[in-house]
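The values are calculated or read from the model by the stated rules, or taken from the named source; none is laboratory data. Quantities reported herein were computed from a predicted structural model and do not represent experimental measurements. Virtual Cβ from ideal backbone geometry, glycine too; neighbours counted across all protein chains shown.
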Amino acid sequence: MQDFQSLGLSDELLLAVEQEGYTTPTPVQAQSIPPLLNGRDVLGVAQTGTGKTAAFALPVLQVMNRSKPQGKRHIRALVLSPTRELAAQIDERFSAYSEHLDIRHKVIFGGVNQNPQVRALEKGVDVLVATPGRLLDLIGQGYIDLSSVEFFVLDEADQMLDMGFIRDIKKVLKLLPKRRQNLLFSATMPKSIADLASSFLHNAVMVDVSPEEVTVDRIAQKIMFVRKADKRRLIVKIIKQEKVSKGIVFTRTKHGANRLVKQLAQSGINAAAIHGNKSQSARTKALASFKNGEIKILVATDIASRGIDVNDITHVFNYDLPNEPESYVHRIGRTARAGKSGIAYGFCDDTESGYLVGIQQLIGFEIDVDETHEFHFMGAIPKPGQKPGKIKTASSGSKKNNSNRNKNKRRSNQRQSRPQQSNQKSGNSNRQRSSNKRRNRNRSRNNQN
Ligand code: AMP
């Protein structure tokens, strides 16, 4: 098996890696580091949890360290990340890996006062990690100059596009010098990402660490058929019975996440919610309390959770099954990190059985069903030959009878569920889908930056 030394890393970086306790490069590291050290562009299909941050940070640091420009520091490496959490995590990794180098890095994102960020920029940084909104904002105010960037890293590119950042990315690309090394990482590689990649990568080495293979087979998965109204009691029961010490619960909506946190509190379970409507400080605090074990349960929506790297998550609950099958794979990938085992429960009610069909088609097998629990509900089991996708419910069929409240609720569900690439057909017309996506993007951008 390969070690870090054989990848051509310098002594300073080998020491940092050793101090982090890494002994063997992960596949994405083994495949990306050598070509990056040789000046090649890299297109990586890898999600968080595969070790992709070190795969780009180590070679970028090493190449930057080879030559040091005279005078004041200027931005030589720019890393773009879709979410504040991921940006903060990447920056924290740069701290660890650059421990023995004279390289200064800084993270900037929205939702917090810009002044400390501006002060750091004025002192001079070598590596800038940023979310697109704050980056363009500070460029507009004249605090950031990208004309000396040697490395451009676009991380979680698929999420960037889902969140509507494509125009921001294009604006940033125009401000970069022509001669530079490019890296693009994405959990999935739909055509939109392939097109984006080909627009700015040159003769890139393709590194593919398929996320489905990485995550799905190491994780114990169970489906529980249950009425919507019983989900809350079911989750309380499991959390208590299994003494869950670090569990993440996915709900479809921000509102649903808040409500569940309150309901869990009523049952004596201390939980916190993390989603785009929470202030940055609330999100940071919730995540920190979850990481250090003060809070055992984190309730999250997809956008807020994607990319979050918390070790030792023992349980993932799909409290609401995701309507996009790929989200299921991302969600359950929160557990079973770094070879550890974990369990993923999926609660499927009678409106979600089509989602289950889509998920099982994507992962290629039927998930084990646990029907031993007291809330087992036969009515939620997919019917023979059932198609993937949304089930038409009585309420979605008879609009006249709907109360305004239900309409608003549906709208809010549509707005808040994260759009992703999928072959699956849904009940919505294309026009509806694209206007939902536009709404979604605008909201996501507001929430994230
Ligand atoms: P990432 O996919 O970059 O978010 O990394 C996921 C986690 O894996 C982080 O906690 C890293 O510290 C850890 N990690 C990265 N590379 C290695 C490695 N070669 N061996 C062990 N852990 C690693």
Residue list for the range 18-52, filter: touching a residue at least 60 places away in the same chain (Cβ under 8 Å) and within 18 Å of Ser98 (Cα to Cα):
Gln19, Glu20, Leu36, Lys52
Residue count, the range 25-61 (criterion: assigned to a loop (DSSP other than H, G, I, E, B), of a type outside the set (Val, Ile, Thr) and within 13 Å of the ligand (Cβ to nearest atom)):
5
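For the range 62-157, please list each of the helices (runs of 4 or more DSSP H) lying entirely inside it that holds at least 1 residues being within 23 Å of the chain's Cα centre (by Cα).
Numbers: elements: 84-97, 115-123, 132-140.
Helices (runs of 4 or more DSSP H) meeting the threshold: 84-97, 132-140.
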So which residues in the range 361-383 are crowded, with 16+ Cβ neighbours inside 10 Å and in a strand (DSSP E or B), if there are any at all?
His376
Somewhere in the range 340-352, is a residue in the same structural domain as His315 (by TED's automatic domain parsing), surrounded by fewer than 17 Cβ atoms within 10 Å (Cβ to Cβ) and within 26 Å of the chain's Cα centre (by Cα)?
yes
Looking only at the range 2-24, and only at residues there that are within 11 Å of the ligand (Cβ to nearest atom) and assigned to a loop (DSSP other than H, G, I, E, B), the one that is surrounded by the fewest Cβ atoms within 10 Å (Cβ to Cβ):
Gly21
Residue in the range 294-301 that is more than 24 Å from Asp230 (Cβ to Cβ), in the same structural domain as Arg233 (by TED's automatic domain parsing) and away from the ligand (no atom under 16 Å from the Cβ) present:
yes
